[in-house]
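Novice: To start, I am sharing the structure in question, which I have written as structure tokens.
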Number of protein chains: 2
Amino acid sequence: MAQKPSIPKGTRDFSPAVMLKRNYIMEVIKKAFQTFGYLPIETPSMENLSTLMGKYGEEGDRLIFKILNSGDFLKKVDANSDFEAKKMTSKISEKALRYDLTVPFARYVVQNQNDITLPFKRYQIQPVWRADRPQKGRFREFYQCDADVVGSRSLLYEVELIQLYDKVFTDLRLSAIIKLNNRKILSGIAEVIGEEDKLIDITVAIDKLDKIGLEKVKEEMQTKGVSDAAIEKLDPILNMKGDASQKLVTMREVLATSAIGLEGVQEIQTVIDKIAVLGLESAELDFDLTLARGLNYYTGSIFEVQAKGVQMGSIGGGGRYDDLTGIFGLKDMPGIGISFGLDRIYLVLEELGLFPSLEADFTQVLFVNFGEKEADYCLKVLRDLRKAGINSELYPDPAKMKKQMNYANKKGIPYVVLVGEDEMNSGLLTVKNMDDGSQSNINVVDMIKLLNPKNGGDTNT
Amino acid sequence: MAQKPSIPKGTRDFSPAVMLKRNYIMEVIKKAFQTFGYLPIETPSMENLSTLMGKYGEEGDRLIFKILNSGDFLKKVDANSDFEAKKMTSKISEKALRYDLTVPFARYVVQNQNDITLPFKRYQIQPVWRADRPQKGRFREFYQCDADVVGSRSLLYEVELIQLYDKVFTDLRLSAIIKLNNRKILSGIAEVIGEEDKLIDITVAIDKLDKIGLEKVKEEMQTKGVSDAAIEKLDPILNMKGDASQKLVTMREVLATSAIGLEGVQEIQTVIDKIAVLGLESAELDFDLTLARGLNYYTGSIFEVQAKGVQMGSIGGGGRYDDLTGIFGLKDMPGIGISFGLDRIYLVLEELGLFPSLEADFTQVLFVNFGEKEADYCLKVLRDLRKAGINSELYPDPAKMKKQMNYANKKGIPYVVLVGEDEMNSGLLTVKNMDDGSQSNINVVDMIKLLNPKNGGDTNT
């Protein structure tokens, strides 16, 4: 019995049309990464289970895909005494699929510490896997796309990564807002209101300000045990108005007694001032106190990027961390990183119609096959077109004209070349424009000019 | 206790220098694929276990990496009654990592048969995983790089794929020999010598002709039970001399009584004749009767590519098959495909010194950091250089000159820019060429011209 083919839940096939769009996004990002001095690395899909376990919390441990040992792994297990899930898993599995790019990067830095030059600027674009319940927009396999620099505390990297976001989203013609916050400001707030132990609760509540409004935020803090006096002290912050500079003035007043809080304000001020002098090409930069992303690991700046004009969570995010590699025994490795949400960027570009014509990546010319003699003639022309870098094909059999034209239509091929007796005698190709149905007779050299952008052709890339 | 970081046996980290070289190879191949009308697809890393099992023989089944079910998978297993390896595996694992790109492609074609246009030309460059014993040059994770066309029996695709090999290896500046054989010729030989049931034994023996010589080949056939009369009949074939055309004349005589054999000869003749008319840019095409690659699944043409001037197995191979998708219930889907051996191509290019300078992909300019005022000035110049597509960086702190120059040296950055009081006043940058130590004073516009190939710069890409 033949199997009815399917793929595991939460995974995807990517068709050529989708792949070319995804490649377009990735190429823009890669180019920008390299322009800013970030270089690619790749790490194995599988890491030792011990490298990954315990790095993403208890929930994370469950969501890591474990790989069954090969060979007679089950011999190791004594069925009667060892039959307890956790113990058993560690005996039958020693490897797992990477869950993100950050832990493998940390492992890489430690393992290769003698070969890398600090500050080390790397980017990495590879799939990651999570044994999550599949649902709309959440996949069990998806690409992550990260740039990090480790080995420096310089705020110039904050400036650089904001410029990098600006560069990528400008090149993608996507209007973006880059939101900036700083973990130290959040710590300072908790400090001045005397609720340092409730930092997480407070920031989680503040994070909802946009969605649920001020009163509900206050209620939530109350239920978490934040005192009324403390909540009252928050009022000027939560009612803050104006642009980034004005908000920073308010923050400076509120945080006057908190050294860490003022440090955070100063860091944001420095970054915003430098960006103001340099200017951004198209993105907007804003200080957003409510941004509490990745509070568990970021220690300074926090970034989040949103696309304007669509409802679509964040399309990027990142932040600064004090200690990337401590868990692997290498101390004092601070850094900062950003990531791009490939799937969401794809959806935004699709929704806003921002993908450029990728026509030149598809086949541009189909030669109709009228028989062996004509096909042999076409093969020579084809050879010259391909040598000029033009994506082109010859239909493989002398099938009915209708079938061949149908093939061109379905593949969206813009030009069809017809070569019969006349064309072979004259050396002029009959070229049919599939968009408007017009036909012209041109020689090979002009055909190449028509299609090859380097020769002043009319394609869009 | 900090863990000593390591990666699973048979897997690899790729450093930036290696990644850029790998990317170079893949970009050359992708560009060629698209020039010939092949378009990219990607399939998930995980397939259902049932999609993969039984497709690669018993050995293959063992070498497939299985993924442990997530959640409480062990509850499904009754420890006392079910403790038998094979049964147990199927209960605790339902997914596995892809073993090659061919079976997922077959699955894709069947699953998407209503959306694809035949002939369907696709390429796919993704990692595959094999639970093989790791050893030198054999990895548990490695990239495969395949182009296939399905839905046609036309020999024009043989011609096309030979041209494609030629294009890729010409672009890589690698001298290649493309060896061509045909399964039908091998069948014909077995037929005319009356040993049809020993086809595999005979071809396996003939395959060793180069290495062990004629006498040993004959001995091996004898031990496999091939009759002396049959071996004698093989003599004219095994002693065949001359170029492809001359060999085909001999083959035609020997196979005169075998319909299938003559069909194979005719197919090779057609392909060789067409290529002779079209010419190849740099590769050499040869008929090689001893080529027995993939005899289990190829039904017509068989390809293998070797690099000249190095000892390094095949760097590519492929062939024609009658039935790609029957196993998934879709009959009559013939096709032909080729693959490129990325790791071996890398080694050949390295050994022969054929990698181009990839300098322009690394950072090209480092701005030395002399302090905040100077750094602010540099940031503006940097912004303009990056806008012009030049990979450039500013050192993040005003560290000692020696440290900053050391950074430039270790990263192989060819130009260092020094900006102090004088430079800020004059607007002329002091640019140090790290190769020869020379310094010059130029403005930003000239700096861009110096480095950006599009502006007539001196870089090599």
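The values are calculated or read from the model by the stated rules, or taken from the named source; none is laboratory data. Nothing here was measured: the structure is a model prediction, and the numbers come from that model. For neighbour counting, all protein chains shown are included, and Cβ atoms are generated from backbone atoms with ideal geometry for every residue, glycine included. For the accessible areas, the whole protein counts, side chains as well, though only heavy atoms, and no ligand, DNA or RNA atoms are used. Shrake-Rupley method; radii C 1.70, N 1.55, O 1.52, S 1.80 Å.
Novice: Given a 1.4 Å probe and the protein chains all in place, what does the accessible area of A:Tyr321 round to, in Å² to the nearest 10?
Specialist: The accessible area comes out at roughly 20 Å².
Novice: For the charge dipole of the protein assembly as shown, defined by +1 on Lys and Arg C-beta atoms and -1 on Asp and Glu C-beta atoms about the Cα centroid, which residue among B:Asn425, A:Val419, A:Thr89 has the Cα displaced farthest towards the positive pole?
Specialist: Projecting each Cα onto the dipole axis, the largest value belongs to A:Thr89.
Novice: What's the local net charge at B:Tyr346, with K and R +1, D and E -1, over the other residues with C-beta under 10 Å away?
Specialist: Numbers: positive: B:Lys21, B:Arg22, B:Arg344; negative: B:Asp343, B:Glu350, B:Glu351.
Summing Lys and Arg as +1 and Asp and Glu as -1 gives 0.
Novice: Return the calculated 222 nm mean residue ellipticity for the protein assembly as shown, to the nearest 500 deg cm²/dmol, obtained by summing -39500 (n - 2.57) across DSSP H runs with n ≥ 4 and dividing by the residue count.
Specialist: Value at 222 nm, helices only, nearest 500: -12500 deg cm²/dmol.
Novice: Could you grab the relative contact order for segment A:359-455? Cα pairs under 8 Å, six or more apart, rounded to a whole percent. It would help to have the intermediate numbers written out before the result.
Specialist: Details: 145 pairs, mean separation 28.8, N = 97.
Across segment A:359-455, relative contact order equals 30 percent.
Novice: Please turn the phi angles of segment A:415-423 into ³J(HN,Hα) values with the Karplus equation 6.51 cos²θ - 1.76 cosθ + 1.60 (θ = phi - 60°), one per residue in order, whole Hz, x for glycine and proline.
Specialist: Ordered by residue, 3J(HN,Hα) equals 10, 10, 9, 10, 10, x, 3, 4, 5 Hz.
Novice: Given labels modelled 7 Å from the Cα in the Cβ direction, how far is it in nm from B:Lys91 to A:Lys241?
Specialist: 6.8
Novice: Long-range amide H contacts for A:Asn182: which residues qualify at under 5 Å (H placed 1.01 Å from N, peptide plane, sequence gap of 5 or more or a different chain)?
Specialist: A:Ile302
Novice: How far, in nm to one decimal, is B:Gly309 from itself in the other copies if the label point is set 7 angstrom along Cα toward Cβ? Shortest first, please.
Specialist: Shortest to longest, the spacings are 5.3 nm.
Novice: At a threshold of 8 angstrom on Cα-Cα distance, excluding pairs fewer than six apart, so keeping six or more, what relative contact order does segment B:183-288 reach in percent? Please report the intermediate quantities before stating the final value.
Specialist: Working: 85 pairs, mean separation 37.0, N = 106.
Reported relative contact order: 35 percent.
Novice: Mind checking segment B:118-202 for trypsin sites (Lys or Arg not before Pro) that DSSP puts in a loop (not H, G, I, E or B) and that have at most 10 other Cβ atoms within 10 Å? Display every interim value, and only then the final one.
Specialist: On the way: sites: B:Lys121, B:Arg122, B:Arg130, B:Lys136, B:Arg138, B:Arg140, B:Arg153, B:Lys167, B:Arg173, B:Lys179, B:Arg183, B:Lys184, B:Lys198; in loops: B:Arg130, B:Lys136, B:Arg140, B:Arg153, B:Arg173.
Filter output for segment B:118-202: B:Lys136.
Novice: Output the 0 to 90 degree angle, nearest 10, between the alpha-carbon long axis of helix A:209-223 and the longest principal axis computed from the alpha carbons of chain A.
Specialist: 30
Novice: Heavy atoms of the protein only, probe of 1.4 Å, neighbouring chains included. What is the accessible area of A:Val348 in Å², nearest 10?
Specialist: Roughly 0 Å² of A:Val348 is accessible to a 1.4 Å probe.
Novice: In peptide A:29-42, how many Cβ atoms from other protein chains are near each Cβ within 10 Å, on average? Intermediate values should be presented prior to the final figure.
Specialist: Values: counts 0, 2, 2, 2, 1, 9, 11, 6, 13, 4, 10, 9, 7, 11.
Mean number of neighbouring Cβ atoms from other chains: 6.
Novice: Compute the long axis of helix B:372-387 from its Cα atoms, compare it with the longest principal axis of the Cα atoms of chain B, and write down the angle in degrees, 0 to 90, nearest 10.
Specialist: 40
Novice: Give me the distance between the Cα centres of segment A:193-272 and segment B:405-439, rounded to whole Å.
Specialist: First find each Cα centre; the distance between them is then 45 Å.
Novice: Would you mind classifying segment B:1-50 by shape? Square roots of the alpha carbon gyration tensor eigenvalues, ordered a ≥ b ≥ c; an a/c under 1.5 is rounded, otherwise it is prolate if a/b is larger than b/c and oblate if not.
Specialist: Numbers: a/c = 4.42, a/b = 1.50, b/c = 2.94.
It is oblate, given that a/c is not under 1.5 and a/b is not larger than b/c.
Novice: Let me ask something else about it. Considering only the label points, 7 Å along Cα→Cβ from Cα, what distances in nm to one decimal separate A:Asp343 from the same position in each other copy, shortest first?
Specialist: In ascending order, 3.1 nm.
Novice: Let me ask something additional. Non-local amide H neighbours of A:Gln364 (under 5 Å, H modeled in plane, Pro and chain starts lacking H): which ones?
Specialist: A:Asn391, A:Ser392
Novice: Further question: Relative contact order, percent, of chain B when contacts are C-alpha pairs under 8 Å separated by at least 6 residues? Intermediate values should be presented prior to the final figure.
Specialist: Numbers: 738 pairs, mean separation 63.2, N = 461.
RCO, chain B: 14 percent.
Novice: In segment B:277-349, which trypsin sites (Lys or Arg not before Pro) fall in coil by DSSP and have 15 or fewer other Cβ atoms within 10 Å? Display every interim value, and only then the final one.
Specialist: Values: sites: B:Arg293, B:Lys308, B:Arg320, B:Lys331, B:Arg344; in loops: B:Arg293, B:Lys308, B:Lys331.
When the trypsin sites (Lys or Arg not before Pro) of segment B:277-349 are filtered for loop state and at most 15 Cβ neighbours within 10 Å, B:Lys308, B:Lys331 remain.
Novice: Further question on the same structure: Using the Karplus equation 6.51 cos²θ - 1.76 cosθ + 1.60 (θ = phi - 60°), what ³J(HN,Hα) coupling, rounded to whole Hz, does each residue of segment A:203-208 give in order, writing x for Gly and Pro?
Specialist: Per residue, the Karplus-derived 3J(HN,Hα) values read 5, 4, 5, 4, 3, 8 Hz.
Novice: Right, here's the next one. Please turn the phi angles of segment A:353-362 into ³J(HN,Hα) values with the Karplus equation 6.51 cos²θ - 1.76 cosθ + 1.60 (θ = phi - 60°), one per residue in order, whole Hz, x for glycine and proline.
Specialist: Here the 3J(HN,Hα) series is x, 9, 5, x, 5, 9, 3, 5, 7, 7 Hz.
Novice: Turning to a different aspect of this structure: Would you mind giving the mean number of other chain beta-carbons within 10 Å of the Cβ of each residue in B:321-327, as a whole number? Could you put the intermediate results ahead of the total?
Specialist: Numbers: counts 0, 0, 0, 0, 2, 1, 3.
Counting Cβ atoms of other protein chains within 10 Å of each residue's Cβ and averaging gives 1.
Novice: List the distances, in nm and shortest first, from the label point of B:Asp323 to the matching label points in every other copy, placing each point 7 Å from Cα along the Cα-to-Cβ direction.
Specialist: 6.3
Novice: Roughly how many whole Å is it from the C-alpha centroid of segment B:352-373 to that of segment B:1-40?
Specialist: With segment B:352-373 and segment B:1-40 each reduced to a Cα centre, they are spaced 21 Å.
Novice: Let me ask something else about it. Starting from the Cα of A:Ser6, step 7 Å along the direction of its Cβ; do the same at B:Gln222; then give the gap between the two resulting points in nm.
Specialist: Inter-label distance under the simple model: 5.9 nm.
Novice: What is the average number of partner chain Cβ atoms found within 10 Å of a Cβ in B:10-20? Working shown, then result.
Specialist: Details: counts 2, 7, 3, 9, 7, 9, 11, 3, 3, 7, 3.
Neighbouring Cβ atoms belonging to other protein chains average 6 per residue here.
Novice: Which cross-chain or sequence-distant (5 or more) residues have an amide H under 5 Å from the amide H of A:Gly316, H modelled 1.01 Å from N in plane?
Specialist: A:Val305, A:Gly341
Novice: Classify segment B:359-455 as rounded, prolate or oblate, taking a ≥ b ≥ c as the square roots of the eigenvalues of its Cα gyration tensor: rounded when a/c is under 1.5, otherwise prolate if a/b is larger than b/c and oblate if not.
Specialist: Details: a/c = 1.41, a/b = 1.09, b/c = 1.29.
Taking the square roots of the gyration eigenvalues as a ≥ b ≥ c, segment B:359-455 is rounded.
Novice: Let me ask something additional. For chain A, take the longest principal axis of its alpha carbons; what is the angle in degrees between that and the long axis of helix A:342-351, to the nearest 10 within 0 to 90?
Specialist: The angle comes out at about 60 degrees.
Novice: Which of the lysines could a cross-linker bridge to A:Lys224, judged by Cα under 18 Å and excluding same-chain residues fewer than eight apart?
Specialist: A:Lys198, A:Lys208, A:Lys216, A:Lys233
Novice: Hey, another quick one. Based on the alpha-carbon gyration tensor of segment A:183-288 and its eigenvalue square roots a ≥ b ≥ c, which shape applies: rounded if a/c is under 1.5, prolate if not and a/b is larger than b/c, or oblate? Display every interim value, and only then the final one.
Specialist: Numbers: a/c = 2.38, a/b = 1.63, b/c = 1.46.
Prolate.
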